[in-house]
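The values are calculated or read from the model by the stated rules, or taken from the named source; none is laboratory data. Given the structure is predicted, the values throughout are model-derived calculations rather than measurements. Heads up, the Cβs are rebuilt from the backbone with ideal geometry, glycines too, and the neighbour counts pull from every protein chain shown.
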Amino acid sequence: MSQNTTSKYVINVINKYKLKLKNIMSNPEPDKWIVIKFKELEDFEDEDEKLPIYKLFASWYGGYTEGDKWKMNSGITKIKVRKNFILFYGTSGSCYKCHKKSYGTSFYTSGVASNIIEDENNKNKNGNASIMDENTNWLELDLI
């Protein structure tokens with residue numbers, strides 16, 4: 001492969017990745033979603049108090065030709081509950097519209113979420129991360 005052909009290939013791969021990322025970010029309505037609680041984030045105003053941080057783990061089905069995609073937000077700062085969906089706002093300014101009946105993961109993203117939780121819990125012997133129950137009253141969470 002010539003250098004010119006290699007450069008074109010690399011540019012093509014980068015452009016495909018950008019398009020996939022753009023499609024995910026332009027669709028703030030995930031097919032499936034869960035909330036992961038990370039325990040004991042220090043409150044910087046009161047060093048003695050530890051606050052949990054909640055992150056939305058959202059996933060989209062990829063279909064036959066592409067695999068499922070997932071994204072974990074920066075941390076939930078605000079929640080609004082509506083009749084059929086919940087709006088989750090993140091520290092980065094993102095907003096995800098999650099349908100109430102879509103709580104959960106696909107087979108693939110279940111493994112990804114489990115790995116994230118396992119990695120986090122291996123860092124902390126007390127079990128630092130867990131998946132929130134789908135029947136959680138989202139308006140009662142202590143948010144950052």
(Q) Name the residue that is nearest to residue 37 (Cα to Cα), counting only residues in the stretch 76-92 that are charged (D, E, K, R) and not in a loop (DSSP other than H, G, I, E, B). (A) 78
Q: Find the residue count for the stretch 47-78, including only residues that are without any contact (Cβ under 8 Å) to a residue 40 or more places away in the chain, hydroxyl-bearing (Ser, Thr, Tyr) and either closer than 16 Å to residue 132 by Cβ or in contact with a Pro (Cβ under 9 Å, 6 or more places away or on another chain) (or both).
A: 0
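Return the residues of the stretch 86-109 that are of a type outside the set (S, T, N, Q) and crowded, with 16+ Cβ neighbours inside 10 Å; say none if nothing qualifies. Before the answer, list the steps.
First pass over the stretch 86-109, keeping only residues of a type outside the set (S, T, N, Q): 86-90, 93, 95-101, 103-104, 107-108.
86, 88, 89, 90, 96, 97, 98, 103 - these are the residues of the stretch 86-109 that are of a type outside the set (S, T, N, Q) and crowded, with 16+ Cβ neighbours inside 10 Å.
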(Q) Suppose the filter is of a type in the set (Val, Ile, Thr) and either closer than 17 Å to residue 30 by Cβ or over 13 Å from the mean Cα position of the chain (by Cα) (or both); does residue 91 pass it? (A) no
Q: Consider only pairs whose beta carbons are under 6 Å apart and that are at least six residues apart or on different chains; among these, list those whose first residue lies in the stretch 79-93 and is over 15 Å from residue 54 (Cα atoms) and in contact (Cβ under 8 Å) with a residue 12 or more places away in the chain and whose second residue is among the charged types (D, E, K, R) and surrounded by 16 or more Cβ atoms within 10 Å (Cβ to Cβ).
A: 85/97
Q: Please determine, by comparing only the residues of the stretch 110-144 that are in contact (Cβ under 8 Å) with a residue 40 or more places away in the chain and part of a helix (DSSP H, G or I), which one is surrounded by the fewest Cβ atoms within 10 Å (Cβ to Cβ).
A: 139
Q) more than 16 Å from the chain's Cα centre (by Cα), at pLDDT below 65, part of a strand (DSSP E or B) and not acidic (Asp, Glu), is that true of residue 41? A) yes
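Any idea which residue in the stretch 65-83 is surrounded by the most Cβ atoms within 10 Å (Cβ to Cβ), counting only those that are among the polar types (S, T, N, Q) and in contact with a strand residue (DSSP E or B) (Cβ under 6 Å, 6 or more places away or on another chain)?
Restricting attention to the stretch 65-83, the residues satisfying the condition of being among the polar types (S, T, N, Q) are 65, 73-74, 77.
Keeping just the survivors that are in contact with a strand residue (DSSP E or B) (Cβ under 6 Å, 6 or more places away or on another chain) gives 73-74, 77.
Working: 73: 21, 74: 14, 77: 17.
Per the criteria, the residue is 73.
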Q: Inspect the stretch 93-101 for any residue being at negative phi, assigned to a loop (DSSP other than H, G, I, E, B) and at pLDDT below 80 and give the result as yes or no.
A: no
